[in-house]
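The structure under discussion appears below in the form of structure tokens.
The values are calculated or read from the model by the stated rules, or taken from the named source; none is laboratory data. Please read these numbers as outputs of a predicted model, since none were measured by experiment. As a convention, Cβ positions derive from the backbone with ideal geometry for all residues, glycine included, and neighbour counts pool all protein chains shown. Note: accessible area is taken over every heavy atom of the protein model, side chains too, but ligands, DNA and RNA are not part of it. Shrake-Rupley method; radii C 1.70, N 1.55, O 1.52, S 1.80 Å.
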Amino acid sequence: MSWSGTVTCSHCYRQGHNKRKCEKLTEEIEDQYHGAAAMVEKERAAGNDVIWYEERAEHRRQQYMKRTKIDLATGEKVKNKTAKAERMKNVTCGYC
């Protein structure tokens, strides 16, 4: 909290929210997902390799799901248990 008692977003620099609840960032992630998904279809139709675009779309989908609990691929709300299972797939042991 700042001296004046309000919070400022580090992404859009507006007062009243932080980066975690920034609507502008959420919209940008959604736009990036749709752009990457469109590029997958475009490159697949051209016969090119689409792995990079698929990974980028999946990463943006995961980010959006983490922020809003809505899956962009299906448009449905996901359960907390499902969202947590997706996040925990890449967890590794810190001791090992």
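Worth pointing out:
- For segment 7-65, a tally of residues being over 13 Å from the mean Cα position of the chain (by Cα) and of a type in the set (F, W, Y) returns 3.
- Scanning segment 9-59 for residues that are hydroxyl-bearing (S, T, Y) and open to solvent by less than 70 Å² (accessible area, probe 1.4 Å) gives T26, Y33, Y53.
- Residue tally, condition open to solvent by 60 Å² or more (accessible area, probe 1.4 Å) and among the hydroxyl-bearing types (S, T, Y), over segment 66-83: 2
- Residue-level check: of (1) at pLDDT 90 or above; (2) touching a strand residue (DSSP E or B) at 6+ places or on another chain (Cβ under 6 Å), K77 misses just (1).
- Checking the stated criteria, K42 turns out not to satisfy the condition of being modelled with pLDDT under 90 and either out of contact with any Pro (no Cβ under 9 Å at 6 or more places or on another chain) or within 30 Å of Y13 (Cβ to Cβ) (or both).
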